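As structure tokens, the structure follows; a few thoughts come after it.
Where a number appears in this text, it was derived from the coordinates with a stated rule and is not lab data. Quick caveat: nothing in here was measured; it's all calculated off a predicted structure. In this analysis, Cβ positions are derived from the backbone assuming ideal geometry, glycine residues included, and neighbour counts consider all displayed protein chains.
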Amino acid sequence: LSLANLFRKARKTNRGHNAVKQRRTHSQGRCATLFMVNRSKIVTALIKKYENGYISKEEAVKSINQNTNNPIEIYDLQNYWRSENLEDFVERITYESLKDWKQIDDKTALKLIEEIQKNWNDISIRERNSEALEKRYAKTSGYMISILNESPREILKRLKEDNTIYL
């Protein structure tokens, strides 16, 4: 199932059509959430088809990668269950990245940090916001997770620090 098929299927219902239409005009908020839910359902269905033996692992990975922002490999598909459940795995690979991460200022950064802390159990919010902040402040992947136990202002201060080692 590709995104084109998603659009075709979503057009059959008024709600789905509105979700697709809104997703084309808005990049964040409620509209992106509706679109993401549809993608999550598609990816979940693909994984279940693979696990039940209806499609091959190669076909499953190819179709999943057409519907996610974060490509996976066969190993990921076969072993995700060792560290997370199906819902968390799907959320982690289908979240929508923030497109305007270069425009993040201090005020926006604080909001994103607070959103991560308030919604810690929501993997898609945690991954989306962490990724955007790490890109904006040129930090390595996983840096945000290591400092999230601090206050939002302290986290912002640490994000702004230049940790580059010059030789």
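Mind checking which residues of the stretch 112-128 are surrounded by 13 or more Cβ atoms within 10 Å (Cβ to Cβ), part of a helix (DSSP H, G or I) and of a type outside the set (V, I, T)?
L112, E114, E115, Q117, S124, R126, E127, R128
Give the number of residues within the stretch 51-69 that are among the aliphatic types (A, V, I, L, M) and assigned to a loop (DSSP other than H, G, I, E, B).
1
Looking at (1) free of Cβ contacts under 8 Å to residues at least 24 places away in the same chain; (2) hydroxyl-bearing (S, T, Y); (3) not in a helix (DSSP H, G or I), find the lone condition where S97 falls short.
(1)
Output the residues belonging to the stretch 134-144 that are part of a helix (DSSP H, G or I) and either within 20 Å of T94 (Cβ to Cβ) or among the basic types (K, R) (or both).
Correct list: E134, K135, R136, M144.
If you check R92 against the conditions, is it buried (at least 19 other Cβ atoms within 10 Å of the Cβ), basic (K, R) and closer than 22 Å to S40 by Cα?
For R92, the condition - buried (at least 19 other Cβ atoms within 10 Å of the Cβ), basic (K, R) and closer than 22 Å to S40 by Cα - is not met.
Based on this model, can you work out whether T108 counts as assigned to a helix (DSSP H, G or I), of a type in the set (S, T, N, Q) and out of contact with any helix residue (DSSP H, G or I) (no Cβ under 7 Å at 6 or more places or on another chain)? It would help to see each step written out before you state the result.
Details: assigned to a helix (DSSP H, G or I): yes; of a type in the set (S, T, N, Q): yes; out of contact with any helix residue (DSSP H, G or I) (no Cβ under 7 Å at 6 or more places or on another chain): yes.
Yes; evaluated as a whole, the condition is true for this residue.
Considering the stretch 148-167 alone, what residues qualify as being touching a residue at least 12 places away in the same chain (Cβ under 8 Å), part of a helix (DSSP H, G or I) and surrounded by 13 or more Cβ atoms within 10 Å (Cβ to Cβ)?
P152, I155, L156, L159
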